[in-house]
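First comes the structure, then the notes that go with it.
The values are calculated or read from the model by the stated rules, or taken from the named source; none is laboratory data. Computed from a predicted model, the values in this text were never measured in an experiment. Every residue, glycine among them, receives a Cβ derived from its backbone with ideal geometry; neighbour counts consider all protein chains shown. These area figures cover heavy atoms from the full protein model, side chains too; ligands, DNA and RNA do not enter into them. Shrake-Rupley method; radii C 1.70, N 1.55, O 1.52, S 1.80 Å.
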Amino acid sequence: MGMNSADRHIYFDSAASTPVADEVIAEMLPYMKQQYGNPSSIHKFGRETTRAMQLARRRVADLIGASPREITFTSGGTEADNLAIKGVAVSARNSGKGSRIITSSIEHDAVLEPCRDLEQMGFKVTYLPVTEDGMVKPSDLRDAIGKDVALVSIMYANNEVGTIQPVMELAQIAHQAEALFHTDAVQAAGKIPIDVKNLGIDLMSMSSHKIQGPKGVGALYVRAGATLSPILHGGGQEASLRSGTENVTGIVGFGKACQLAAERMQEYRRYVSELRDYLVDKVVHEIPHSRLNGSRMARIANNAHFTFFGVNGEDLIIKLDEKGVAASTGSACSVRKQKQSHVLKAMGFSYEEITGSLRLSLGMQNTRKEVDVAVEALAETVSELRQLSPFKSKYA
Ligand code: PLP
């Protein structure tokens, strides 16, 4: 390999985070320097930041077919998920309605952990299984649901394997049992067309930094008429659903990122999915004993997730990084907690299949040349690691 640490690193981790677009930075800058008023203030400075937030709220709402008053800004996808799940559970219990929650076994920890916390508090949670492609079967939801369910929370697109769930059908089943339907659309919003009204979504989580916006800001869409309790209490900002002085700069950037995502969505989907298909074909043809995981068809455009048999995925990431290619196992949280992917386990993967897994996620900044370089590095590294592996005789 001709790459060394002085060369430009190739970034194949856009599902973890993305570069902030120049247009986004340009809109944010004045809100750090000249327009620093608190949106709760009545004077000119306050009015200017309120106006900027209104514009951002409209842009976020327009991206998903919502009305601006249905958008609550949060500190990101994690807070939006926590607010949706805990907010609905607490509100349902307070009103004496059934408060069971149904979710899936492949959710992000930002959904699973609040569910576990609710279980500690005495709430009931049902975790639905998935197919080997990572898909929730609507019939499983139909079997599990009952009048005691307050909320069904199923993610839109999975962050590890990219599988897109049958959201419209799942929402219909939830509504037949008079439950609310929440979806964690952190990996989907801005990347595929979403019309919350048409799909029947009651609550939806979004995050700015996955779509070329700044980190630490996101939103929860709450359909007008859906009730939930706040989880942060204080000054009553965001229509009392999320107290705390708003992250005006971040919100302005998020709004711009949503506007750009809407304008560029077609171009994004075409470019990124073509590049992803090129990458997938190259990997499975050029690297023996490799396999694409997840659904071929119902898949988010930027996701490629593989198993390389006889290799440890984390060793692979470290070696690839040394060669100038940034990849991931699929979840930053799993890395921090040093645990095996619950997503791949739920898909029925063996220990060996989980261990050998790697996610390459793409963005508009990636090129075919980069794919060529990355696959060459990958092929070389997989082969090196197999030489050292106890499975050497099987795969090397
Ligand atoms: N949900 C999913 C599916 C994600 O992929 C992520 C981030 O990786 C989150 C939630 C958390 O979002 P945030 O980083 O904005 O807190």
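In this structure, is residue 117 surrounded by fewer than 24 Cβ atoms within 10 Å (Cβ to Cβ) and of a type in the set (Asp, Glu)? Walk me through how you get there before you give the answer.
On the way: surrounded by fewer than 24 Cβ atoms within 10 Å (Cβ to Cβ): yes; of a type in the set (Asp, Glu): yes.
Here the answer is yes, as residue 117 does meet what is asked.
Report yes if some residue within the range 99-108 is open to solvent by 10 Å² or more (accessible area, probe 1.4 Å) and over 20 Å from the mean Cα position of the chain (by Cα); otherwise report no. Scanning the range 99-108, I find at least one residue that is open to solvent by 10 Å² or more (accessible area, probe 1.4 Å) and over 20 Å from the mean Cα position of the chain (by Cα), so the answer is yes.
Output the residues belonging to the range 74-120 that are assigned to a loop (DSSP other than H, G, I, E, B) and at pLDDT 95 or above.
First, pick out the residues of the range 74-120 that are assigned to a loop (DSSP other than H, G, I, E, B): 75-76, 95-99, 105-108.
Matches in the range 74-120: 75, 76, 105, 106, 107, 108.
Contact map, the range 70-84: first residue within 7 Å of the ligand (Cβ to nearest atom), second residue of a type in the set (D, E, K, R), Cβ cut-off under 6 Å, separation 6 or more or different chains; pairs are 81/184.
State yes or no: is residue 66 open to solvent by less than 30 Å² (accessible area, probe 1.4 Å) and part of a loop (DSSP other than H, G, I, E, B)? Yes. In the set (1) within 30 Å of residue 370 (Cβ to Cβ); (2) away from the ligand (no atom under 15 Å from the Cβ), the condition left unmet by residue 93 is number (1).
Would you mind stating whether residue 344 is under 25 Å from residue 191 (Cβ atoms), open to solvent by less than 10 Å² (accessible area, probe 1.4 Å) and part of a strand (DSSP E or B)?
No; evaluated as a whole, the condition is false for this residue.
The single condition from (1) away from the ligand (no atom under 16 Å from the Cβ); (2) closer than 23 Å to residue 235 by Cβ that residue 59 fails is (2).
Residues that are open to solvent by less than 10 Å² (accessible area, probe 1.4 Å) and either in a helix (DSSP H, G or I) or of a type outside the set (S, T, N, Q) (or both) within the range 276-308 comprise 279, 280, 283, 287, 300, 304, 305, 306, 308, listed in sequence order.
Does residue 233 satisfy the criteria of being assigned by TED's automatic domain parsing to the domain that holds residue 87 and open to solvent by 30 Å² or more (accessible area, probe 1.4 Å)?
Details: assigned by TED's automatic domain parsing to the domain that holds residue 87: yes; open to solvent by 30 Å² or more (accessible area, probe 1.4 Å): yes.
Spelling it out, residue 233 is indeed assigned by TED's automatic domain parsing to the domain that holds residue 87 and open to solvent by 30 Å² or more (accessible area, probe 1.4 Å).
Condition check for residue 30 on (1) within 30 Å of residue 376 (Cβ to Cβ); (2) loosely packed, with under 15 Cβ neighbours inside 10 Å; (3) modelled with pLDDT of 95 or more: one failure, at (1). One residue is enough: does the range 347-358 have a residue meeting the conditions over 24 Å from residue 392 (Cα atoms), acidic (Asp, Glu) and open to solvent by less than 50 Å² (accessible area, probe 1.4 Å)? Checking the range 347-358: not a single residue is over 24 Å from residue 392 (Cα atoms), acidic (Asp, Glu) and open to solvent by less than 50 Å² (accessible area, probe 1.4 Å). Reported count of residues in the range 309-321, each being open to solvent by 70 Å² or more (accessible area, probe 1.4 Å) and either on the phi > 0 side of the Ramachandran plot or at pLDDT 95 or above (or both), is 3.
Candidates are the residues of the range 154-174 that are among the polar types (S, T, N, Q) and within 11 Å of the ligand (Cβ to nearest atom); the one that is nearest to the chain's Cα centre (by Cα) is 159. Taking the range 211-229 as the range and being more than 14 Å from the ligand (Cβ to nearest atom), part of a loop (DSSP other than H, G, I, E, B) and not charged (D, E, K, R) as the test, the residues that pass are 224, 225, 226, 227, 228, 229.
Here residue 228 fulfils each of the conditions (1) open to solvent by 10 Å² or more (accessible area, probe 1.4 Å); (2) under 14 Å from the mean Cα position of the chain (by Cα) apart from (2).
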